[in-house]
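Before any comments, here is the structure.
The values are calculated or read from the model by the stated rules, or taken from the named source; none is laboratory data. Everything numeric here is computed off the predicted structure, so don't read it as measured data. Here the Cβ positions follow ideal geometry from the backbone for every residue, glycine too, while neighbour counts run over all protein chains shown.
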Amino acid sequence: MESIDNYLPILIQVLLAVGMALAILFVSHLFGQRSRGNRFKDSPYECGLDPAGKEQSRFAVKFYVTAMLFILFDIEVVFMIPWVMVFRDFLSMSLPILLPMGFFLGVLVLGLVYELKKGALNWEN
């Protein structure tokens, strides 16, 4: 039969986690957006000056399209780094491990060519 001393560290960890969660909620409620009467929170701020222009300006869709394409192709490139690290020995021996990555890069290049032909990166439109 196990004693309660074996479970004491787990109990302390659970109590700390619950306490920290409650503390974060309390501080967020105290100083958050919903707090009233906070003159720093209620005052407008833009580089030390009163804000100029509209409160909510609209961005063109091309900014979002460009950002999505950047994220898409950036993530695809990030997938290549672990592949190279894992298959470094196979790559040095020129085994047919290059075929799947060649297919991957081919699909990636076809996607980029498609986006260029559709004018997704054309800023004049």
Taking only region 56-97 into account, find how many residues are more than 29 Å from TYR114 (Cβ to Cβ) and under 27 Å from the mean Cα position of the chain (by Cα). 4
Restricting to region 79-125, and then to whatever is touching a residue at least 12 places away in the same chain (Cβ under 8 Å) and exposed (fewer than 10 other Cβ atoms within 10 Å of the Cβ), can you tell me which residue is nearest to MET68 (Cα to Cα)? TRP123
Conditions (1) modelled with pLDDT of 75 or more; (2) within 30 Å of ASN122 (Cβ to Cβ); (3) surrounded by fewer than 10 Cβ atoms within 10 Å (Cβ to Cβ) -> PRO9 fails only (2)
Only one of these conditions is not met by SER43: (1) farther than 28 Å from LEU116 by Cα; (2) modelled with pLDDT of 80 or more; (3) small (Gly, Ala, Ser). Which number is it? (2)
